[in-house]
Ligand code: MIC
Ligand code: SF4
């Protein structure tokens, strides 16, 4: 008798199948998956934990939860420190591991110390997919989704299509993982990838070490995909063993004959140094085309490129030399482990002697928390986003490059492609630097009698109101294409208000129109709901749920856009804002800021087929039955209580 053959599966398919709680990938539009690990960072974590607290549980219910402090570490004023105290006390009480400020950047640390192949990780940060570098199904989401996962609840994803990125060949000298992901971004852009998982396979994968795979998976976030994933293989095994975590290794590779929904091949040997030009990670050009252009600032670090491999590569290139006199060079390592390694092998002294500013091992410059460039300056950075104004200087021109290009350009003060860089062999043993992780002994159990520290920066989470039958509304703002969450809810100097929604709401759309807040309040006072009108790819970028939560607080009930990015769309739903798209994108032109609208039957539309017509403008929202309930009740928090 012939045995029934199992359908060959992709890595993504295996990870989903092993965690599936509801839905059938072959039939259903939405799947529910079990979440093993969660991570939060401080800028989104305070809200996530306030929401978790509101659920009234004694302790976390998932396998592992880690709370990192890496975004708000500048501590000008009391706000950041208030947040840290709150987060530390919450972690102790509920059985969460707490990573103190100064320990490093969440994604780098999680990869080093906790990420496990074959597991799921949900993080309140869009770059959580970094874990895909070791075969984890790692996904970024809004804080409230993390709160639900910590409470043992499932996470919902659109049934994905899986694009196989087949890597062949070997990278030439001076070209590295950043150039690979920039190549992918050049091909697929920053929009139109919603619902996809990008899975890397083929013989070229074996030539990439774990930090390189992590760089590629990390910056896959800029494609707008659900996540990116690499197989877990010999290279992964060696990395985990060097971390003293050999026991966490499991092999995970695609079955022979596994079918992808699409395949794109990259011959690594044909790649050259690339850069993302202002103001989008998808605006990819060759470094050659920029050669000789004057550079004012170079910053190396961020969760994309701050591994030992990356910073050691820079040190090798700068050894015995000095950076050009007319350029400012800053370096932020990803973790204390990276610093310890560099200190041990002398690379730290090399960087110091070469004239680099050694910055804190935190997000820092990447989120515009410091190091803003001068007016109209050209800044080369190894991070993942160069949205206009994100650096803190609106007129600055930020280019995203590899560590190799950054180092070569640091020596000349001009755009310079690196011809050759010595390979940094994967370390045999990483030093143990776990002392800034607190509460490991009580992880999963917690200390229930802990008093939660709540300084004045910790405000209550506002509740949403159920959706009305009909709404009288006004267009509070009309924006164009590719509006990022940095436009909607700026970070940088405003980042410190993340735990205080009434205060943070004053800055919604500040970079586009500082009067937005006052206008929304005036509309609310006249009994009008607010509507946001937007173009393509609304809500690109970060997972910050504040880009939905603060508009909700200002009475925004609907977004009308040509298209909406995945995480932001989920956040809108979670805060009771209806994510409508135009059936006919040309109707965007028929709406103007200030226009009054009657949204007759909006509740019926949401509960029914999702179609709404306003004066001939046809809108639709595609919501799962679960999402419909959330929107009708005014947000996820109202459904949980
Ligand atoms: C970012 O890189 O934009 C952030 C800051 O890390 C965000 C999270 C946040 O806004 O707190 C992200 O990527 O999700
Ligand atoms: Fe931090 Fe930048 Fe990474 Fe966001 S992208 S987590 S701000 S380092």
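What the table shows:
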read-out: Residue within region 50-57 that is within 16 Å of ligand 2 (Cβ to nearest atom) and farther than 25 Å from residue 214 by Cα present; value: no
read-out: Single match in 40, 73, 44 (criterion: within 23 Å of the chain's Cα centre (by Cα), within 14 Å of ligand 2 (Cβ to nearest atom) and surrounded by fewer than 22 Cβ atoms within 10 Å (Cβ to Cβ)); value: 73
read-out: Cβ pairs under 6 Å, 6+ apart, first in region 42-55 and without any contact (Cβ under 8 Å) to a residue 24 or more places away in the chain, second within 15 Å of ligand 1 (Cβ to nearest atom) and outside any loop (DSSP other than H, G, I, E, B); value: none
read-out: Strands (runs of 3 or more DSSP E) within region 255-374 that include 2 or more residues within 16 Å of ligand 2 (Cβ to nearest atom) and within 30 Å of residue 43 (Cα to Cα); value: 297-300, 328-331
read-out: Yes/no for residue 435 being under 25 Å from the mean Cα position of the chain (by Cα), away from ligand 2 (no atom under 16 Å from the Cβ), assigned to a loop (DSSP other than H, G, I, E, B) and modelled with pLDDT of 95 or more; value: no
read-out: Some residue of region 619-639 being buried (at least 19 other Cβ atoms within 10 Å of the Cβ) and at pLDDT below 95; value: yes
read-out: Residue tally, condition part of a strand (DSSP E or B), within 12 Å of ligand 1 (Cβ to nearest atom) and under 14 Å from residue 214 (Cα atoms), over region 122-140; value: 1
read-out: Filter pass, residue 119 being within 16 Å of ligand 1 (Cβ to nearest atom) and touching a strand residue (DSSP E or B) at 6+ places or on another chain (Cβ under 7 Å); value: no
read-out: Within region 181-224, considering residues that are within 16 Å of ligand 2 (Cβ to nearest atom) and not in a helix (DSSP H, G or I), the one nearest to residue 334 (Cα to Cα); value: 224
read-out: Verdict on residue 40 being under 25 Å from residue 232 (Cβ atoms), modelled with pLDDT of 95 or more and within 16 Å of ligand 1 (Cβ to nearest atom); value: yes
read-out: Failed item in (1) in contact with a strand residue (DSSP E or B) (Cβ under 6 Å, 6 or more places away or on another chain); (2) farther than 23 Å from residue 251 by Cα, with residue 199 passing the rest; value: (2)
read-out: Selected residue [loosely packed, with under 14 Cβ neighbours inside 10 Å, in contact with a strand residue (DSSP E or B) (Cβ under 6 Å, 6 or more places away or on another chain) and over 14 Å from residue 404 (Cβ atoms)] from 292, 320, 330; value: 292
read-out: Meets criteria (touching a strand residue (DSSP E or B) at 6+ places or on another chain (Cβ under 9 Å), more than 16 Å from ligand 2 (Cβ to nearest atom) and at negative phi) for residue 480; value: yes
read-out: Complete set of residues in region 266-313 that are closer than 29 Å to residue 102 by Cα and more than 16 Å from ligand 1 (Cβ to nearest atom); value: 296, 297, 298, 300, 307, 308, 309, 310, 311, 312, 313
read-out: Boolean, residue 108 is at pLDDT 95 or above, under 25 Å from residue 567 (Cα atoms) and within 16 Å of ligand 1 (Cβ to nearest atom); value: yes
read-out: Test for residue 403: is it under 21 Å from residue 546 (Cα atoms), modelled with pLDDT of 95 or more and either surrounded by fewer than 19 Cβ atoms within 10 Å (Cβ to Cβ) or within 16 Å of ligand 2 (Cβ to nearest atom) (or both); value: no
read-out: Residue match in region 524-538 (condition: within 16 Å of ligand 1 (Cβ to nearest atom) and in contact with a helix residue (DSSP H, G or I) (Cβ under 6 Å, 6 or more places away or on another chain)); value: no
read-out: Filtered residues of region 464-478 (kept if crowded, with 19+ Cβ neighbours inside 10 Å and either in a loop (DSSP other than H, G, I, E, B) or within 16 Å of ligand 1 (Cβ to nearest atom) (or both)); value: 464, 467
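The values are calculated or read from the model by the stated rules, or taken from the named source; none is laboratory data. Since this is a predicted model, take the numbers as computed values, not measurements. In this analysis, Cβ positions are derived from the backbone assuming ideal geometry, glycine residues included, and neighbour counts consider all displayed protein chains.
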